[in-house]
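Just below is one structure, and these are the notes that go with it.
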Amino acid sequence: MIGAALTALGKKVFRYMSKYNEPRGIFCAIGRCTDCVMEVNGNPNVRTCITPVVKGMVINTQKGLGMWDG
Ligand code: FES
């Protein structure tokens, strides 16, 4: 999963909350809490703890609620 791969690389902050800009990272690791959501291939709010890694993915830290392109 994306979250496991990033954690293995030492990443702890996956997103920043919209209201107080507080950092969040892996918490439940089973797709329930949304603390791990990131922007993946331009799509916000992807739960990285339950999303498999695919070669060539573009993964970014999410700030706030996330915005779709277009
Ligand atoms: S860590 Fe809770 S949904 Fe991913």
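The values are calculated or read from the model by the stated rules, or taken from the named source; none is laboratory data. None of the values given here were measured: they were computed from a predicted structure. Please note: Cβ atoms are built from the backbone with ideal geometry, for glycine as well, and neighbour counts cover all protein chains shown. Surface areas here come from the heavy atoms of the whole protein model, side chains and all, with no ligands, DNA or RNA. Shrake-Rupley method; radii C 1.70, N 1.55, O 1.52, S 1.80 Å.
Give me the number: length gained by fully extending TYR16 to LYS55, i.e. 0.36 nm times residue separation minus the C-alpha to C-alpha distance, one decimal in nm.
Numbers: separation 39, 0.36 × 39 = 14.04 nm, distance 2.52 nm.
Extra length from TYR16 to LYS55 when fully extended: 11.5 nm.
In the chain, carbon and sulfur make up what percent of the accessible area (probe 1.4 Å)?
57
With every protein chain present, what is the per residue accessible area of the chain (1.4 Å probe, Å²)? Don't skip to the end; give the middle numbers.
Details: 4790 Å² over 70 residues.
Accessible area per residue, the chain: 68 Å².
Ignoring everything except DSSP H segments at least 4 long, calculate the 222 nm mean residue ellipticity for the chain; use -39,500 (n - 2.57) per segment, divide by total residues, nearest 500. Before the final figure, lay out each step's value.
Values: 1 runs with 7 residues, N = 70.
Theoretical 222 nm ellipticity from helices: -2500 deg cm²/dmol.
Cα atoms only: what Rg and Dmax, in Å, come out for the chain?
11.1, 33
Counting other Cβ atoms within 10 Å of each Cβ, which trypsin sites (Lys or Arg not before Pro) in the chain have at most 12 and sit in a DSSP loop? Could the numbers behind the result be given before it?
Working: sites: LYS11, LYS12, ARG15, LYS19, ARG24, ARG32, ARG47, LYS55, LYS63; in loops: LYS11, LYS12, LYS19, ARG32, LYS55.
In loop regions of the chain (DSSP not H, G, I, E or B), the sparsely surrounded trypsin sites (Lys or Arg not before Pro) are LYS12, LYS19, ARG32, LYS55.
Are there any chymotrypsin sites (Phe, Trp or Tyr not before Pro) in segment 17-70 that are in a DSSP loop and have at most 10 other Cβ atoms within 10 Å? List them by number. Display every interim value, and only then the final one.
Values: sites: TYR20, PHE27, TRP68; in loops: TYR20, PHE27, TRP68.
Answer in residue order: TYR20, TRP68.
Can you give the extra length, in nm with one decimal, that the chain gains between TRP68 and ALA8 once fully stretched, where that is 0.36 nm per residue apart less the Cα-Cα distance?
Going from the current span to full extension adds 18.8 nm.
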